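To start, the structure under review is shown below, and the notes come after it.
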Amino acid sequence: MKRHLILVGLPGAGKSTVGQLVAANLRVPVQDIDTTIEAKFGVSIADIFAARGEAEFRRLEQLETGTALAGEPAVVVPGGGWAAQPGNLDSVAGLVMTVYLETSVDTALSRLSGAETRPLLLTPDPAAQLRDMFATRKPCYEKCDHHVSTDGKTAAQVAIEVTELALKRERL
């Protein structure tokens with residue numbers, strides 16, 4: 001793989017799981033930005049949100065994504081809100097391959113049931129919060145180079161589709 005591949009989508013889209021599978025298929029590293037931040041600071045993303053706020057988390061996320069993109073080609077998995085932050089997608093346009101893992105709100109909710117690690121969904125009505133996120137973020141997600149639906153598919157099936165897109169891009 002000559003360029004990075006960035007996976008974006010709602011929480012529950014399967015970015016981390018699919019990212020690991022795609023990276024294995026392509027024989028490149030995976031850079032899960034949330035995992036990197038947690039390891040670097042020794043606390044959970046939820047704790048960062050609680051102690052420092054979303055704006056600080058987004059700053060750290062942007063910084064760590066930039067660090068990942070400065071390295072060898074990898075599958076890069078930022079958080080679900082990365083693509084909706086002003087300038088993030090524009091800054092990588094034409095330099096990396098972006099893939100939107102398209103997931104319905106209902107599918108995302110079913111995958112996230114009991115997920116207390118998602119700070120933006122720790123509300124009395126996580127379904128309404130996720131619908132609001134989707135409405136806000138969808139126009140940003142749709143700017144990605146490719147869209148792959150995840151509804152009704154296993155992570156392995158989605159990973160095969162993303163891998164095929166990456167391999168096809170390499171042949172062009």
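Bear in mind these aren't lab numbers, they're just calculated from the coordinates by the rules spelled out. Just so you know, these numbers come straight off a predicted model, no measurement behind them. A quick note on method: Cβ atoms are made from the backbone with ideal geometry, for glycine too, and the neighbour counts reach across all protein chains shown.
Between the Cα long axis of helix 126-141 and the first principal axis of the chain there is an angle of about 40°, rounded to the nearest 10.
Simple rule: put +1 on each Lys or Arg Cβ and -1 on each Asp or Glu Cβ in the chain, find the dipole, and look at PHE57, ILE6, THR154; the Cα lying farthest toward the positive end is ILE6.
Separation of segment 84-99 and segment 1-80, taken as the distance between their Cα centroids, equals 14 angstrom.
SER104: net charge of surrounding residues, Cβ under 13 Å, Lys/Arg +1, Asp/Glu -1, itself excluded? Walk me through the intermediate numbers first.
Details: positive: ARG111, ARG131, LYS138, LYS153; negative: GLU102, ASP106, ASP151.
For residues surrounding SER104, the net value is +1.
Computed from the C-beta positions of GLU72 and SER104 and an R0 of 35 Å, the FRET efficiency is 0.55 to the nearest 0.05. Shown here: Rg/Rh (Cα atoms, Kirkwood Rh), derived from the displayed model; of the candidates [x] 0.94; [y] 1.03; [z] 1.16, it corresponds to [x]. Projecting label points 7 angstrom from Cα along Cα→Cβ for LEU167 and ARG27 puts them 1.2 nm apart. Take the Cα of LYS2, step 7 Å toward its Cβ, do the same at ALA135, and the gap between the two points is 4.3 nm.
Placing +1 on the Cβ of every Lys and Arg and -1 on the Cβ of every Asp and Glu, with no other charges, gives the chain a dipole of roughly 420 debye about its Cα centre.
Sorted fewest first by neighbouring Cβ atoms within 10 angstrom, LYS138, LYS153 come out as LYS138, LYS153. Which residues does the label zone of ARG52 cover in segment 7-45, counting backbone N under 11 Å from a point 7 Å along Cα→Cβ? Answer for this model: 37-45.
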